[in-house]
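Below is one structure, written out as C-alpha cells; the observations come after it.
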Amino acid sequence: MLSILDLKRKLPSDFVDELYEQYTPITVDKILTGMLGERNTTLRVNTIKYNIQELMKYLREKNIKFERVSWYNDALIIKNANEKEIQKLDIYEKGYIYLQSLSSMIPPLVLNPKLGEKVLDLTAAPGSKTTQMVVMMKNDGYILANELDKIRCDRLQYNVEKQGANIVEVINNRGEKVGEEYQEKFDKVLLDAPCSGEGRFLGNNVGTYRNWSKRTVRELAKLQKKLFKSAYTALKPNGMMVYSTCTLNKDENENILQWAIENFNVKLLDINIDFKEKMQGFNDGLDDSINKAIRILPSKNMEGFFVAKLKKK
C-alpha cells in the first residue's frame, strides 16, 4: 500500500501545496490518508421497490457483510464485495438498490424534498441524487432532471427508468439556460455542480487526478457561477437550494458562496447531519454564515465533498 509520502509524490504538486495553504498539517494528513486505498462500496435501497429489512436478509443469505449508516437508514457500507460483484446480483438488475457514494447521498438529505413538491436537479447525470430524491418524495411530485452531455443524459434516463422513478422528466439542455426557461418554477433546486473532483482522488488510480490543474479549477469556478445564477432564477422566493461539489478547494466552494451572497438575495442555513468526516466551511475573510456549509473529508467510507444549504429570501 502507498504511504502518505508516496502519495504526495504522485499527486499534482500544486494540489498538494494548496492543501497545505488551506488546511492544518493534521487535516492534510487526514485527507491524504483518505486517498490512499480503495474506498468501501456503498449503496442505498430503492424503497419504491424494496426495503432495508429485505435487503439485509438477502445480503446475509449471500454472505455479503455490511454495516448500517448511522445518519441514513436506507444506506449500507459493504465490507467484502466490490461494485462489480454487487452489479452481478439480481437485486441490482431489478433496480432494488443503487450503488452510490455516501457523500453523494448527503445533498438530497440536506435539501429534503417532500411529497408533491416541484424540484429541479440542474446537473443530474448519472441520476444518483435524482433517484434518491424520488425515493424521499415517495414518487409523488415532479422532478426536472437536466443534463448537458447527450451520452450522460441517456444514462440518466436509463437509471431513472430502472429505478421506477415515474415523477422525473429528463431534459438535455445547457444548465446555464434552464433558469431563464423555468423562472421561479421550483420549490427546491439541487445544484451538484461540475467540479475538479479533488474529493474523489485515489492514489492508486491516476485517472482520478490526471486532468487536475489550477487552470481547470479557475474555469470550473466560472461555470459554477453561471449555473448558480440559473439555479437561483429557477427557484421560487422562499425556496430552498443545495449547492454541492465533490472537491476540496475554496475557489469552487466557499468563494462561490461568498460571490452568491454578494450578488443574490440568499441566506445560508444550518445543516444538521453528523458524522466524523464533517468539518465546517471556512469563513476567514468571508461572510460569517459560510461556516454553516460543511466539508466532508475523504475517508475509507466517504469521498471528499462540500455541501451548502441556501434559502432564496
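The values are calculated or read from the model by the stated rules, or taken from the named source; none is laboratory data. Since this is a predicted model, take the numbers as computed values, not measurements. Neighbour counts are summed over all protein chains in view; Cβ atoms, including those assigned to glycine, are modelled from backbone coordinates with ideal geometry.
Below is a table of values for the structure above.
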| read-out | value |
| --- | --- |
| Which listed residue, of LEU191, LEU227, is part of a strand (DSSP E or B) and in contact with a helix residue (DSSP H, G or I) (Cβ under 8 Å, 6 or more places away or on another chain) | LEU191 |
| In segment 277-291, residue nearest to PRO107 (Cα to Cα) [restricted to those that are without any contact (Cβ under 8 Å) to a residue 24 or more places away in the chain and assigned to a strand (DSSP E or B)] | LYS278 |
| Residues located in segment 235-260, provided they are in a helix (DSSP H, G or I) and either under 18 Å from VAL110 (Cβ atoms) or among the aromatic types (Phe, Trp, Tyr) (or both) | GLU254, ILE256, LEU257, TRP259, ALA260 |
| Residue in segment 110-130 that is part of a helix (DSSP H, G or I), among the polar types (S, T, N, Q) and under 13 Å from the mean Cα position of the chain (by Cα) present | yes |
| Number of the condition not met by ARG210 [criteria: (1) without any contact (Cβ under 8 Å) to a residue 24 or more places away in the chain; (2) outside any loop (DSSP other than H, G, I, E, B); (3) over 30 Å from GLU93 (Cα atoms); (4) not aliphatic (A, V, I, L, M)] | (2) |
| Residue match in segment 174-183 (condition: among the basic types (Lys, Arg), more than 29 Å from ILE31 (Cα to Cα) and in a strand (DSSP E or B)) | no |
| Checklist (1) within 22 Å of ILE271 (Cα to Cα); (2) more than 18 Å from the chain's Cα centre (by Cα); (3) surrounded by fewer than 19 Cβ atoms within 10 Å (Cβ to Cβ) applied to TYR158, failing item | (1) |
| Count of residues meeting criterion [within 20 Å of VAL266 (Cβ to Cβ), surrounded by 18 or more Cβ atoms within 10 Å (Cβ to Cβ) and out of contact with any helix residue (DSSP H, G or I) (no Cβ under 6 Å at 6 or more places or on another chain)] in segment 280-313 | 8 |
| Residue in segment 292-305 that is farther than 30 Å from LEU99 by Cβ, in a loop (DSSP other than H, G, I, E, B) and out of contact with any Asp or Glu (no Cβ under 9 Å at 6 or more places or on another chain) present | no |
| Condition met for ILE31 (closer than 23 Å to ASN253 by Cα, among the hydrophobic types (A, V, I, L, M, F, W, C) and either at pLDDT below 95 or more than 24 Å from the chain's Cα centre (by Cα) (or both)) | no |
| Answer from LEU156, LEU148 - the residue that is in a loop (DSSP other than H, G, I, E, B) and either at pLDDT below 95 or within 10 Å of ALA125 (Cα to Cα) (or both) | LEU148 |
| Matching residues, segment 213-243, being in contact (Cβ under 8 Å) with a residue 24 or more places away in the chain, of a type in the set (Val, Ile, Thr) and within 26 Å of GLU18 (Cα to Cα) | VAL217, VAL242 |
| Candidates TYR209, TYR232 - the one that is within 22 Å of GLU303 (Cβ to Cβ) and at pLDDT 95 or above | TYR209 |
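Each row is one residue, and each column tells you yes or no for (1) buried (at least 18 other Cβ atoms within 10 Å of the Cβ); (2) of a type in the set (A, V, I, L, M); (3) in contact (Cβ under 8 Å) with a residue 60 or more places away in the chain.
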site	(1), (2), (3)
GLU147	yes, no, no
LYS150	no, no, no
GLU169	no, no, no
ARG174	no, no, no
LYS177	no, no, no
GLU180	no, no, no
GLN183	no, no, no
PHE186	yes, no, yes
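Yes or no, residue by residue, for (1) hydrophobic (A, V, I, L, M, F, W, C); (2) outside any helix (DSSP H, G or I); (3) buried (at least 21 other Cβ atoms within 10 Å of the Cβ):
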residue	(1), (2), (3)
GLU38	no, yes, no
LEU43	yes, yes, yes
ARG60	no, no, no
LEU76	yes, yes, yes
ASN80	no, yes, no
